[in-house]
Amino acid sequence: MGMCDVVKDKGKDKDREDPPPTSRRAAQQAANRAQREAQRQLRQAERAAKRKKPAAKTKAETRAPAPVPAGPFNILLIGQDIRLGMEAALFAASLRHHAPDWRGRLIVAEPSAEGAWTGARTKIPAPIRLALLDFGAEILPFTARHFGASYPFGNKIEALSVLPPGEPFVFFDSDTLVTGPLDRLPFDFSRPSASMRRSATWPEPPLYGPGYGAIWKSLYDRFGLDYESSLDTSQPDEHWERYLYFNAGWFFGADPQEFGRRFLDWALAIREDPGEALASQKLDVLLDQVALPLVIHALGGGRPGPGLAGLDDDVTCHYRDLPLLYARESDLAVETAETLLRDPRLAPLAEAWAPSRQIVLEGTGRDRIRPMFDRRMPLNEGRTRQILKKAGLWLR
């Protein structure tokens, strides 16, 4: 009995006397008999249940079975020059390390130094190419006709052309690590989707309108899409999360050719003629993320379900840059990068690549960057970059 119970009993029943010993014994004997009888009946019920057929399943048990992993699918990355080449090699190593049973084609799309990339350094250096091949990647060239140096993020749109038609695919930004069993995720390629690790980066409604709803609706109307069915009605009007919006760090679909055709056509249409509702909006950085929700919605997709939450958590990590990896990502992601960049197949390349040499191999990330930030709190990416730059630790 706790202290509060003792005080309560004394206050309410201070004149109560204990029952005589004989009464206590009789009550205890009766309680023991009742307990034995209950145990006997329980054993009888268990024996009877074993003799009977299994009981019918409850409603909860007869619901649809748990999602199962999809079959083989292709993975697409961009590889270009040193940085994106090294990031692609690190992705490839992490895929083999954390998802050794994955079966599919790992395709690294390399832009040719022509078209929209004329005059730029695009070729992956030979040592990095050999590492990619060693980790089972294929390197396929493509020519960027529409974006290239003026909008490098357009690579992910035009590179879809190298993938085989009719085969399911997942695109990942090269600055991503695989940190879990990617092959076991229940992708439903008939319902395309993309990363929910995003913030209110687009649109930026002007003071006197139009607002979020009018801006997004203008795009759905323009391409003949059903706007209302894209909304998350659990969110209030004019709150940015009500509207379908993704980070383009990963996305997937059933047919890369159909996906890529719509993605390219609609991104170009928005860039060349934004329309009145988008007149004040910036499109020079986030054009891919403006068009992506429209493509996904048009192909019958939407927000990813809980089964794919690991793509924004413990199965893949979109770290963006090595300084940000140490500033804000999990211990698992950091340990994955450190282990793989010290692997004999990557260590010489990591030594030659200044950011990995200083931040990872020489310990600057562990010793200086990681202690600077409290990862229990949300970290604003822009502010984090500013802090790192001020400290002279922004290397890429």
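The values are calculated or read from the model by the stated rules, or taken from the named source; none is laboratory data. The structure presented is a predicted model; accordingly, all values stated were derived computationally and were not measured. Using ideal geometry, Cβ is built from the backbone for each residue, glycine included, and neighbour counts are taken over all protein chains shown. The protein model used for the area step is the full one, side chains on, heavy atoms only, and it has no ligands, DNA or RNA in it. Shrake-Rupley method; radii C 1.70, N 1.55, O 1.52, S 1.80 Å.
Annotations
- Inspection of the stretch 204-219 finds a residue satisfying the criterion of being of a type in the set (V, I, T) and open to solvent by less than 70 Å² (accessible area, probe 1.4 Å).
- Residue match in the stretch 131-142 (condition: buried (at least 17 other Cβ atoms within 10 Å of the Cβ), touching a residue at least 12 places away in the same chain (Cβ under 8 Å) and part of a helix (DSSP H, G or I)): yes
- Among (1) touching a residue at least 60 places away in the same chain (Cβ under 8 Å); (2) within 18 Å of L90 (Cα to Cα); (3) hydrophobic (A, V, I, L, M, F, W, C) - the single one L393 does not satisfy: (2)
- Pairs with Cβ under 9 Å, 6+ apart, first in the stretch 83-95 and under 17 Å from E138 (Cβ atoms) and open to solvent by 10 Å² or more (accessible area, probe 1.4 Å), second assigned to a helix (DSSP H, G or I) and at pLDDT 95 or above: L84/N155
- Candidates F259, F252 - the one that is touching a Gly at 6+ places or on another chain (Cβ under 6 Å) and buried (at least 23 other Cβ atoms within 10 Å of the Cβ): F259
- Selection from the stretch 361-385 of residues that are open to solvent by 90 Å² or more (accessible area, probe 1.4 Å) and at pLDDT below 95: R376, M377, P378, N380, R383
- Checked against the criteria, I359 does not count as over 28 Å from P181 (Cβ atoms) and β-branched (V, I, T).
- Subset of the stretch 265-309 [on the phi > 0 side of the Ramachandran plot and open to solvent by 40 Å² or more (accessible area, probe 1.4 Å)]: G300
- Residue that is surrounded by the most Cβ atoms within 10 Å (Cβ to Cβ) [pool: residues in the stretch 227-245 that are free of Cβ contacts under 8 Å to residues at least 24 places away in the same chain and within 21 Å of E276 (Cα to Cα)]: Y227
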